[in-house]
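For reference, the structure is listed below as structure tokens.
The values are calculated or read from the model by the stated rules, or taken from the named source; none is laboratory data. Because the structure is a prediction, the values reported are computed rather than measured. Cβ placement follows ideal geometry from the backbone for every residue including glycine, while neighbour counts extend to all protein chains displayed.
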Amino acid sequence: MNLPYQLFIALRYLKSKKRHRGISFNTVISIGGVAVGVMALLVVLSVMSGFHEDLQKKILGASAHAVVLSYQGGIQDYKPLVEKLKAEPSIISMSPLVVGQVMVSSGKRAHGVFMRGIEPAAEFKTTDILKHIKEGSIEELVSASSPRSTKSAAPWIIIGKELSAMLGVFPGDTINVISPVGEMGPLGMLPKVRQFKIAAIFEMGMFEYDTNLVLADLRSAQDFFGYGNAVSGIELRLDDIYKAPQIRDSATRKLGFPYYVRDWMQMNRNLFSALKLEKFAMFVILVLIVLVASFNIVSTLMMNVVEKAKEIAILKSMGATNQGIMMIFMFQGLMIGIVGTTIGIICGYTLGYILNTYELIKLPADVYYLSKLPVKMKLFDFIVVSFSAVIISFLSTLYPSYHAAKLNPVEPLRYE
């Protein structure tokens with residue numbers, strides 16, 4: 001297959017004459033600049049995608065995909081609502097819950113947490129917390145919540161690994177749970193205190209949950225918060241988390257007032273919106289690296305135009321058009337961009353793979369919610385970055401190519 005003469009000449013111009021080795025070096029620098037910019041963009045976007053996905057996975061593992069709530073503050077009889085929701089095919093499991101803020105203490109150590117009252121069998125199907133138990137067993141939790149159980153007079157509770165270390169307690173120990181809302185005693189209003197036996201310890205791998213969340217038996221939580229037979233809400237697990245808005249609307253219409261449904265997107269809107277904005281901001285900032293590399297392409301092409309002035313004049317005298325001359329330098333700059341982008345993609349993928357496989361960078365979990373640097377390489381990010389880099393590289397060829405095309409062939413040949 002015959003190459004267009006413009007492409008053939010552009011390939012020759014990438015390799016300069018021996019007496020002008022500096023221009024060849026500038027070409028290498030231009031390719032390296034594009035490669036570094038593309039690699040940095042891909043690695044940063046992959047890390048941001050990893051943060052987003054890992055955080056989303058942990059949040060949805062510890063929380064339901066949607067929750068049925070009531071404007072009246074509690075749901076007195078939740079079983080008829082459960083029957084109505086069973087008709088929705090996208091809802092694969094449901095679990096009642098009671099939620100409240102309490103303080104847990106052991107000895108002289110205390111910490112404020114959210115206590116969630118659950119039915120273990122239903123909770124196991126609805127969230128992933130009980131799948132992350134490190135000490136204790138779910139069988140013991142289920143048997144302890146059975147009406148026929150006489151295993152322990154104290155209600156059970158499970159706590160996170162970080163909270164366990166903070167309080168210095170282990171499965172089998174007893175901790176005090178204190179409600180900020182007191183109860184009336186013989187001497188007036190007194191703090192409500194109950195003892196709970198630690199049945200298990202979970203580890204979600206997210207500091208926020210491992211420190212600030214405890215699970216207790218539903219009936220014990222109802223009694224402690226004074227709910228009677230009512231519950232705070234009904235947790236829902238969906239077959240597709242991205243159908244949550246549609247299911248939220250349909251379930252709200254089906255249940256009617258005073259009930260409504262909140263999905264995971266609403267409950268974590270600020271967090272995920274901030275992550276999306278941060279990812280976009282990082283993309284814009286790091287594109288500047290590729291823009292800087294494009295200036296190297298401009299300078300390299302301008303030096304080539306000066307060096308090849310005589311050759312350009314000869315080509316014009318042989319009948320080459322201005323458009324043909326422009327295409328020579330456009331091809332040259334475009335090849336620099338494509339080669340640099342290709343190298344950047346290879347290096348970015350390799351670095352991302354290494355970071356993801358060997359977990360070289362550890363993070364303080366109490367600051368970032370995660371214990372390691374997450375990396376999630378997405379094809380869409382690679383396509384967008386590659387396309388952007390090639391387009392920027394192409395745009396950087398326009399001025400040098402136009403300058404070469406407008407070169408007067410008479411001046412370089414006058415003294416030859």
Answer yes or no: is there a residue in segment 344-367 that is surrounded by 17 or more Cβ atoms within 10 Å (Cβ to Cβ) and either without any contact (Cβ under 8 Å) to a residue 60 or more places away in the chain or hydroxyl-bearing (Ser, Thr, Tyr) (or both).
no
Check off (1) touching a residue at least 12 places away in the same chain (Cβ under 8 Å); (2) more than 28 Å from ILE29 (Cα to Cα); (3) assigned to a helix (DSSP H, G or I) for LYS376 and give me the number that stays unchecked.
(3)
Take the residues in segment 1-46 that are more than 21 Å from THR342 (Cβ to Cβ) and aliphatic (A, V, I, L, M), then tell me which one is modelled with the lowest pLDDT.
MET1
Can you tell me which residues in segment 189-207 are outside any helix (DSSP H, G or I) and within 27 Å of the chain's Cα centre (by Cα)?
ILE201, PHE202, GLU203, MET204, GLY205, MET206
Over segment 306-322, the set of residues over 15 Å from HIS403 (Cβ atoms) and of a type in the set (S, T, N, Q) is SER317, THR321
Going by the conditions given, is MET330 touching a residue at least 40 places away in the same chain (Cβ under 8 Å) and either surrounded by 20 or more Cβ atoms within 10 Å (Cβ to Cβ) or touching a Cys at 6+ places or on another chain (Cβ under 9 Å) (or both)?
yes
For segment 138-151, indicate whether the set of residues that are modelled with pLDDT of 85 or more, in the same structural domain as LEU215 (by TED's automatic domain parsing) and either surrounded by 14 or more Cβ atoms within 10 Å (Cβ to Cβ) or assigned to a loop (DSSP other than H, G, I, E, B) (or both) is non-empty.
no
Is it true that some residue in segment 274-286 is touching a Gly at 6+ places or on another chain (Cβ under 9 Å) and touching a residue at least 24 places away in the same chain (Cβ under 8 Å)?
yes
Within segment 229-263, track down each residue that is surrounded by fewer than 20 Cβ atoms within 10 Å (Cβ to Cβ) and of a type in the set (Gly, Ala, Ser).
ALA230, SER250, GLY256
On the given criteria, is GLY319 modelled with pLDDT under 90, among the small types (Gly, Ala, Ser), farther than 30 Å from GLN56 by Cα and not assigned by TED's automatic domain parsing to the domain that holds LYS79?
yes
In segment 53-67, residue surrounded by the most Cβ atoms within 10 Å (Cβ to Cβ) [restricted to those that are more than 14 Å from the chain's Cα centre (by Cα) and part of a helix (DSSP H, G or I)]:
ALA62
From the residues in segment 208-250 that are in a loop (DSSP other than H, G, I, E, B) and acidic (Asp, Glu), which one is farthest from GLU123 (Cα to Cα)?
ASP240
It is to be established whether one or more residues within segment 215-223 are under 18 Å from SER164 (Cα atoms), in contact with an Asp or Glu (Cβ under 7 Å, 6 or more places away or on another chain) and either modelled with pLDDT of 90 or more or outside the structural domain of ASP173 (by TED's automatic domain parsing) (or both).
no
Given (1) within 22 Å of VAL44 (Cβ to Cβ); (2) at pLDDT 85 or above, where does LEU363 come up short, assuming only one miss?
(2)
